[in-house]
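Nothing in this text is a laboratory measurement; each read-out follows from the coordinates by a stated rule. Here the structure is a predicted model, which is why all the values come from computation and not from measurement. Ideal geometry is used to build each Cβ from the backbone, glycine not excepted, and the neighbour counts take in all protein chains shown.
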Amino acid sequence: MLVRTLATMNSASNEVSSVAWQHRVFSRIPLRRTCYYEVRSQFGLGDVNLIHRMIERATEAIDAASPSAPNVIEGRFFRDPSEFSATKQVQR
């Protein structure tokens, strides 16, 4: 269940990041206004705190991104949780 929740959150975070790049909205509050309801309905997330945290996480990732940062692709900053060793340990 934890892995499924992490996967859903990462997918939703990727969607938030894509919306941010698509609309060129990179601040937390305007991004919230732009994509909160869409992400909530599309991913079936009912916890308001999770959604706000994902939006904050996406804006932090965008702020931290620079042209020299490896593995940063426009519109996608969050990797699949199965790529992390801690997640693989939880799955066992």
Which ordering of L45, L2 is given by a fewest-first count of other beta-carbon atoms within 10 Å? L2, L45
Modelled FRET efficiency - R0 30 Å, D63 with R40, Cβ distances, 0.05 increments: 0.80
